[in-house]
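Down below is the structure, laid out as structure tokens.
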Amino acid sequence: MSAHTHGPWKVVERGASFSSHEIRPVKLSQGAIPLAWVAKLNDGQANARLIAAAPDLLAALKALVDACDCGPDVHCRSCELGLRAVAKAEGKP
């Protein structure tokens, strides 16, 4: 699996006539193709913000797990959860 598009990402609000929120990388030009579209239904805005925050959340979680002093072979419950989430985000079993 290839690496994800580097963050940060942002939610781009389109006019009322558009049916979705766009998630785009912050550093690419305005003409870049969106990474994702999220329907403007129910929790669409909240879902779009969560998706846009994903690269920052992944980096923060990796830093927290690295900073934990539970040890390399035996992990505390928080690190176990964090390591599973990182593996899921990176497409690892």
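Below is a table of values for the structure above.
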| read-out | value |
| --- | --- |
| Heavy-atom surface of the chain, accessible at 1.4 Å and reported per residue (Å²) | 72 Å² |
| Sparse-neighbourhood loop sites, trypsin sites (Lys or Arg not before Pro) in region 26-89 - DSSP loop, at most 14 other Cβ within 10 angstrom | 27 |
| Candidates per GluC sites (Glu not before Pro) in the chain, loop by DSSP, up to 15 other Cβ within 10 Å | 13, 90 |
| Unit charges on C-beta of K, R, D, E only; dipole of the chain, Debye | 320 debye |
| Between helix 44-67 and the chain: long-axis angle, C-alpha atoms, 0 to 90°, nearest 10 | 20 degrees |
| Cα long-axis angle, helix 77-89 against the chain (0 to 90 degrees, to the nearest 10) | 40 degrees |
| GNM result for the chain, Cα springs below 10 Å: residue of 71, 44, 82 fluctuating most strongly | 71 |
| Sites residue 66 and residue 13, calculated FRET efficiency, Cβ-Cβ separation with R0 35 Å, nearest 0.05 | 0.50 |
| Sum of -39500 (n - 2.57) over DSSP H runs of 4+, divided by residues of the chain (222 nm, nearest 500) | -13500 deg cm²/dmol |
| Neighbourhood net charge (14 Å Cβ-Cβ; Lys/Arg +1, Asp/Glu -1) for residue 81 | +3 |
| Relative contact order (%) - region 4-93, alpha-carbon pairs under 8 angstrom, separation at least six | 23 percent |
| At R0 = 22 Å, FRET efficiency that the Cβ-Cβ distance of residue 56 and residue 92 yields, to 0.05 | 0.65 |
| Alpha carbon Rg of the chain, scaled by the compact-globule rule 2.2 N^0.38 Å | 1.32 |
| Carbon + sulfur, % of accessible area of the chain - ligands and nucleic acids excluded, 1.4 Å | 60 percent |
| Label point at residue 45 placed 7 Å out along Cα→Cβ; residues across region 5-28 whose backbone nitrogen lies under 18 Å | 10-24 |
| Amide H partners (placed H, <5 Å) of residue 20, local residues excluded | 40 |
| Unsatisfied cross-links (Cα-Cα over 23 Å) in the set 40/62; 10/92; 40/92; 10/62 | 40/62; 10/92; 40/92 |
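The values are calculated or read from the model by the stated rules, or taken from the named source; none is laboratory data. Values in this document were obtained by computation on a predicted structure and should not be read as measured data. Cβ: placed from backbone, ideal geometry, glycine included. Neighbour counts: every protein chain shown. Ligands, DNA and RNA are stripped out before the accessible areas are found, and what is left, the full protein with its side chains, is counted by its heavy atoms. Shrake-Rupley method; radii C 1.70, N 1.55, O 1.52, S 1.80 Å.
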